[in-house]
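What follows is a set of notes on a single structure, which appears directly below.
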Amino acid sequence: MIGHYQNEIDLYRATFATQETGSAGPSAYTLSQLDGYARRILETINSYGARHRTGDRYVRSLFDCLMIFFIDKFGMTEVSRAIEKAFIWAYGLRLKMQVLQLASMDNYVLDNNMFLLIKEATQPADFLAVELTVLQSTAGEKVDDIKNCFRRCVTVSDGISQLSVSELLDGQVDYLVPMYQRNYAWDEAEISQLIQDVLDEMPQGKYASSAPTPYYIGTLVVFRRGTTSGERPLYEVIDGQQRLTTLCLLASYFKRRSSSEEGLNVNTWFKRQCVRFESRPHSSNALLAAFEGKVEDINTEAFHNAEYNADIIHGYELVQKLVPKLKGESIAEQDLARYLFNQVQIMRVEVPEDTDLNHYFEVMNNRGEQLEKHEVLKSRLMNVLDDPEERSVLHQVWEACANMERYIQMGFSPRLRNRLFGKKDWGTFTPKILMM
């Protein structure tokens, strides 16, 4: 038995431990199996400054022992979620107590025996489904990195995560706006309201030196589709895509204007565009162009063509106009950005795996800006098509027919228009070509 667990410890250390010299972090083999949160947890506990203190070493041993016990029973199945659960359980004790001694740790384990839970579990879900107590306050010192990581991965309730805007858009996960969603539709009124709401909550004037308080901007309802090719979690956006897209535009705006000298470098966390649109390359292209800094004042006209979504380009133009106008001269841009990205919070709500997304989408549509009846019909038609290619075809045809003020043929790209209707005679139509 001793030999067995010594082998398990050696394997675990080789897989998850960080070398103090050389490149930090888990092995590449392990990273390919972990989602963004698990990677962030391992990177944090392997690098935060106070990790060598006695109490912190106790907690790390507690975390490691629980993970070894889990892997010994279930292997690498659901290991990412197990890392999150073990981190919340073990490091919750670190954040709860100012001074941590062995006796305190022993009592904690006996009162919250996760080892017994794993022993009695017949599948990983039996362990992962356990709800852990959420800390209302913290007492630990010199563990800010642990606090930030803890706040990020701990759930207020099952499937609900509280994230700052920077955490939402830092590229650890990907968001996909599905075909059944409406196109980006926010105009000056909505974008102005979002910026003004943030400004109204931001400490200013004689209160500028006051400690800022979080401002909750709303919810983002998502469904987890799986992982991307880069092994990041992929979330389908069910509700909140207008706000999500606008936040991306704001982040792109400040990305071009921030610097390390100002104490806020958006480039340190907004390194990749994590939002894309299913079967709408012109929308994805527009958002990426803003991210890359191509859509600036001097050349926005160059993006008013079929390759880019005109509404998203217009949205970025509005951001460029409205941020300086609304903040005025009394508020520095870096102060607004710091508050927006660090203090503005959004609740990401993940719906269960067995959710009827079509029904849920209709329910969500009963509040806020409602979809037109034909858009609800489109979502229902999408729901009965399982083949991604068929869904893409329906989306293209639907979008081409949506604008009643132009010929349907003009709704297709020139290449596809010519293949469908002919180059000279639009009276020709060959349906089978559409599937090619």
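The values are calculated or read from the model by the stated rules, or taken from the named source; none is laboratory data. Since we're looking at a predicted model, the values are computed, not measured. Heads up, the Cβs are rebuilt from the backbone with ideal geometry, glycines too, and the neighbour counts pull from every protein chain shown.
Miscellaneous remarks
- Breaking point among (1) surrounded by fewer than 18 Cβ atoms within 10 Å (Cβ to Cβ); (2) modelled with pLDDT of 75 or more; (3) in the same structural domain as ALA310 (by TED's automatic domain parsing), for SER166: (1)
- ALA211 vs. criteria part of a loop (DSSP other than H, G, I, E, B) and modelled with pLDDT of 90 or more: no
- Single residue of LEU249, LEU244, LEU199 found to be more than 13 Å from the chain's Cα centre (by Cα) and modelled with pLDDT of 95 or more: LEU249
- VAL222 crowded, with 21+ Cβ neighbours inside 10 Å and at pLDDT 90 or above: yes
- Out of LEU34, LEU93, one residue alone is more than 23 Å from the chain's Cα centre (by Cα), surrounded by 19 or more Cβ atoms within 10 Å (Cβ to Cβ) and at pLDDT below 85. It is LEU93.
- A single entry from PHE115, PHE127 fulfils the requirement of being surrounded by 18 or more Cβ atoms within 10 Å (Cβ to Cβ), under 18 Å from ASP64 (Cα atoms) and at pLDDT 80 or above: PHE127.
- A single entry from LEU102, LEU110, LEU117 fulfils the requirement of being touching a residue at least 40 places away in the same chain (Cβ under 8 Å) and more than 21 Å from TYR48 (Cβ to Cβ): LEU102.
- When the range 96-112 is filtered for residues that are loosely packed, with under 12 Cβ neighbours inside 10 Å and charged (D, E, K, R), the ones remaining, listed by number, are ASP106, ASP111.
- Within the range 303-322, the only residue that satisfies the criterion of being more than 12 Å from THR245 (Cβ to Cβ), touching a residue at least 40 places away in the same chain (Cβ under 8 Å) and not in a helix (DSSP H, G or I) is ALA306.
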